[in-house]
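The values are calculated or read from the model by the stated rules, or taken from the named source; none is laboratory data. Note that the structure is a prediction, hence the values are computed from the model and not measured. Here the Cβ positions follow ideal geometry from the backbone for every residue, glycine too, while neighbour counts run over all protein chains shown.
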Amino acid sequence: MKYSVFILLIIFLSACQNEGLDESYQNLNDENSDNENIFLDLELPSNFPEPTYEIENNRPTQAGFELGKKLFYDGKLSSTGVISCGFCHIQDFAFTHHTHVVSHGVNGALGTRNAPSLQNMIFMEDFNWDGSVSHLDAQPIVPITTEFEMNESITNVLTKLQNDEEYVQLFNAAFENDTIDTQNMLRAISQFVMMMVSADSKYDKVVRNEGSHFNEMEEAGKAVFDQKCAGCHSGSLFTDQSYRNNGLPIDPQYDDEGRMRVTGEEADKYKFKVPSLRNIAVTFPYMHDGRYQTLRDVLDHYDSGVVQTQNLDSVFIQENGQLGIPLTEIEKDEIIAYLNTLTDDNFLLDDRFSEF
Amino acid sequence: MKLRIYITALCIAFLIACSSDNATDVVDDSQIEVGDLKINFTNTVGDEPLNLNTQTYVKNGGETYKVNELKYIISNIVLTDTEGNQFVYPQADSYFLINEEVAQSKTITLDSIDANNYTSITFGFGVDQTNYPLNGVDNFVPEAEESEMLWSWSAGYKFLKFEGTYSTDEITDQPFLYHIGSHGQNLDNYREISLNFMQPLALSASNTPELNIGFDVQKIFNSDFQLLLSDKDDIQIDPVNAPKIVDNITNAFEIILN
C-alpha cells in the first residue's frame with residue numbers, strides 16, 4: 001500500500017512536470033542534432049554587406065531546407081508536371097538556364113528573358129531584371145503562375161502537395177503548424193535558395209587574405225575593371241543594385257521596356273538591373289535577353305557597340321561625344337582573366353544544392 | 001500510518017499545485033469576453049446600389065459608364081474603443097476580397113474580438129506591401145489569384161479591379177479598365193481609411209453588431225481628383241493616375257448604418 005501511494009506520487013509528480021519539461025525539451029531540441037529541425041548554419045561572408053532578407057523570420061532548418069530543395073526540383077509545381085525551378089536554374093551554371101537565350105517553359109513556350117543566376121539572393125533588394133518582385137519569398141509566384149514558364153496556379157500546386165503523403169510529412173517536419181499553405185511553401189523554397197551563398201571564389205580568397213594572390217593578368221584586369229566597370233558592378237556582390245541602360249540596341253522582337261514595366265516611369269525605360277558578375281564565366285549567354293554568347297562579345301559591346309537609346313547611362317557618353325567605354329584588346333583579355341577569378345567551384349559543385 | 005497520511009497529503013498538495021496551474025490558464029482565457037462583428041459592404045453609385053452590366057451611370061465630365069466588374073481588397077482591420085484603445089484584428093486573418101458579383105464576399109465576419117464599446121474602424125485598402133512579408137499575407141495568394149487580383153509577372157496584388165464600358169459625345173461603349181496596386185518598392189498605393197461610427201458599437205459575446213459600410217463607385221472618378229475616361233481608359237501601372245485613384249478611394253467609403 002505504502003508502495004502504491006509512493007508510485008502514485010511519482011506518477012503525479014512526473015505528470016505535473018511533464019508540461020514544463022516538454023517545452024524545455026523542445027527548446028533544447030531546436031539546438032540539438034538529433035532533431036530534424038536543427039537550424040542550419042548560414043555563414044555570412046565577412047566581405048559581404050548585411051543581408052536584406054529578414055533571416056530571423058524564416059531561419060533555415062534542415063527539414064525546411066530539404067523540403068525547399070524537393071520543391072525546387074519538382075515538376076509538380078508546373079502544369080505539365082515536368083518544368084521545375086531547377087529546369088531553368090541549373091546549378092552547374094550558377095543556376096542559370098544554360099545555353100538558352102531566353103528561358104523555355106512548359107511545352108517549350110518561350111519566355112522573353114534570360115534566367116539570371118541564383119546566388120547571394122539574401123543580399124538583393126529586389127528581384128528579376130526589372131525588379132518586379134520585392135521579396136524573395138514572393139518570387140516563386142511569378143514562374144509558377146506565368147503562362148510561358150510553369151503555367152500553373154498556386155491553388156493547384158497546393159492541392160497536389162496536399163495529396164502527396166511525402167509532402168505532408170515534409171511540411172509537418174519543417175513547420176510547427178503542420179500546414180501545407182502558400183506561406184509555408186514559399187518559406188521552404190526561400191530556405192533552400194537562402195543557403196545559396198557564393199563567396200568562395202579566388203577573388204574572395206584574395207580579398208579575405210586567405211593565402212591566394214592574383215596573377216599579373218588578373219591584377220591588371222582588376223585595375224581596369226575598378227576604373228571602368230565598378231561604378232555599376234560594385235562591391236563584393238558586383239552590383240550596386242541600381243537600374244541602368246547600358247546601351248544595348250533594342251531588340252524589336254521583345255521591345256522590352258525594362259524597369260518601366262514596374263514603375264510606369266518614362267525615366268526607367270530600357271533600364272535593367274545591374275547584374276552580379278559572380279560566376280560570370282559559366283552563366284552565358286549574357287544580358288537580360290541572352291544576346292551575347294561570350295564575355296568577349298560583352299566587352300566588344302561596351303567598347304564599340306553601345307547605342308544611344310532613351311535613358312542611356314551618362315557613363316557611356318564620352319567627352320568627345322563617342323559612346324561606350326573604350327577598351328584595348330589587351331584590356332579585354334585582362335578583364336576576362338579577372339572576371340574568371342569570380343568562379344566559385346565550391347558553390348557550383350556543392351552537393352547540398354545538387355538535384356541528385 | 002503517519003507516513004502514509006503524510007505522503008497522501010503531499011500527493012494531494014502536488015496534485016493541487018499541478019492542476020491549479022492548468023486551472024488558472026483556463027480561467028485566464030475565459031475571463032476575456034469576446035464576440036463577433038459583421039461588416040456588410042454595399043457598393044453604390046451615389047445613394048443607389050450598384051447594378052452590374054445593365055445600368056448606365058452619369059459621371060463627371062459628361063461621360064456615361066456601365067460597370068462590368070468591381071473587386072477590391074480590404075485588409076488590416078483595427079477597431080478603436082471609446083477610450084481610444086485599439087483592438088488589432090489578427091493580421092494574418094485580415095485580408096478580404098470584396099467582389100460585387102459574389103454576394104457572400106460582401107459580408108465579412110470577424111470573430112474573437114474583445115467585448116467593448118467601439119467608436120471607429122480603420123482598415124487598409126489593398127495590401128501593405130512595404131511591410132512585406134506580413135504574417136499570413138502569402139496565404140491570401142490563392143484567393144487573389146483565383147479572382148485575378150494578382151499580377152503574375154510581379155507577384156503583386158491588384159488592390160482594385162474595376163472594368164466596364166463608357167460613352168462620350170464622340171464614342172460609345174468603349175471598354176475601360178482600372179487595375180491598381182503598388183508599383184514594386186517604387187510607389188506605394190496602399191491606403192488606410194478610418195471611419196467613425198454613428199453611435200458606439202456594443203460588441204459582446206451575446207451581441208454581434210452589424211456594421212454597414214458603403215463604397216461609392218463614382219468617387220473613384222471624382223473626388224479629390226477628377227478623372228476622365230476619355231483622357232485615359234486603361235490605367236494600370238501609372239505613376240500619375242494610380243495614386244489619384246487610390247486617394248479618391250479614401251473618400252469613397254462611409255458608414256451608412258450601424
Checklist outcome for this item: From the option list A:Glu125, A:Glu165, A:Glu176, single residue qualifying as more than 14 Å from chain B (Cβ to nearest Cβ) and surrounded by fewer than 22 Cβ atoms within 10 Å (Cβ to Cβ) is A:Glu165
Checklist entry - Looking at B:Pro243, B:Pro239, which is the one that is closer than 19 Å to B:Gly181 by Cβ and not in a loop (DSSP other than H, G, I, E, B)? => result B:Pro243
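Determine whether B:Ser206 is more than 22 Å from the chain's Cα centre (by Cα), part of a loop (DSSP other than H, G, I, E, B), surrounded by 17 or more Cβ atoms within 10 Å (Cβ to Cβ) and among the hydroxyl-bearing types (Ser, Thr, Tyr).
no
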Checklist entry - Looking at B:Asn189, is it within 13 Å of chain A (Cβ to nearest Cβ) and in a loop (DSSP other than H, G, I, E, B)? => result yes
Next on the checklist: Show the residue pairs meeting these rules: Cβ distance below 9 Å; 6+ apart or different chains; first residue within region B:52-78 and small (Gly, Ala, Ser); second residue surrounded by fewer than 16 Cβ atoms within 10 Å (Cβ to Cβ).
Outcome noted: B:Gly61/B:Thr168; B:Gly61/B:Gln226; B:Gly61/B:Asp231; B:Gly62/B:Thr168; B:Gly62/B:Asp169
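Restricting to region B:127-142, name every residue that is part of a helix (DSSP H, G or I) and either within 7 Å of chain A (Cβ to nearest Cβ) or over 21 Å from A:Thr52 (Cβ atoms) (or both).
B:Gln129, B:Asp138, B:Asn139, B:Phe140, B:Val141, B:Pro142
Conditions (1) part of a strand (DSSP E or B); (2) farther than 18 Å from B:Asn212 by Cβ; (3) aromatic (Phe, Trp, Tyr), marked per residue:
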site	(1), (2), (3)
B:Asn40	yes, no, no
B:Thr44	yes, no, no
B:Ser75	yes, yes, no
B:Phe87	yes, yes, yes
B:Ala92	no, yes, no
Next on the checklist: What are the pairs with Cβ atoms under 9 angstrom where one residue, in region A:41-70, is farther than 12 Å from A:Phe171 by Cα and the other, located anywhere, is assigned to a loop (DSSP other than H, G, I, E, B) and among the basic types (Lys, Arg)? Sequence gap at least six, or different chains.
Outcome noted: A:Leu42/A:Arg59; A:Pro45/A:Arg208; A:Ser46/A:Arg208; A:Asn47/A:Arg208
Next on the checklist: Taking the condition of being in a loop (DSSP other than H, G, I, E, B), surrounded by fewer than 23 Cβ atoms within 10 Å (Cβ to Cβ) and within 10 Å of chain A (Cβ to nearest Cβ), how many residues in region B:143-162 meet it?
Outcome noted: 2
Item to check | Qualifying position, being outside the structural domain of A:Gly258 (by TED's automatic domain parsing) and within 18 Å of A:Gln183 (Cα to Cα), among A:Ser153, A:Ser117, A:Ser132 | outcome: A:Ser153
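Could you run through region A:129-138 and say how many residues are touching a Ser or Thr at 6+ places or on another chain (Cβ under 8 Å) and either more than 7 Å from chain B (Cβ to nearest Cβ) or touching a residue at least 60 places away in the same chain (Cβ under 8 Å) (or both)?
Total meeting the criteria: 3.
On the basis of being outside any helix (DSSP H, G or I), touching a residue at least 40 places away in the same chain (Cβ under 8 Å) and over 23 Å from A:Val82 (Cβ atoms), does A:Gly221 make the cut?
Considered against the rule, which asks whether it is outside any helix (DSSP H, G or I), touching a residue at least 40 places away in the same chain (Cβ under 8 Å) and over 23 Å from A:Val82 (Cβ atoms), A:Gly221 comes out as no.
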Item to check | Count of residues meeting criterion [surrounded by fewer than 19 Cβ atoms within 10 Å (Cβ to Cβ) and either outside the structural domain of A:Ile250 (by TED's automatic domain parsing) or closer than 29 Å to A:Ser198 by Cα (or both)] in region A:328-339 | outcome: 3
Checklist entry - Within region B:120-133, can one find any residue that is at pLDDT 95 or above and more than 30 Å from A:Leu186 (Cα to Cα)? => result yes
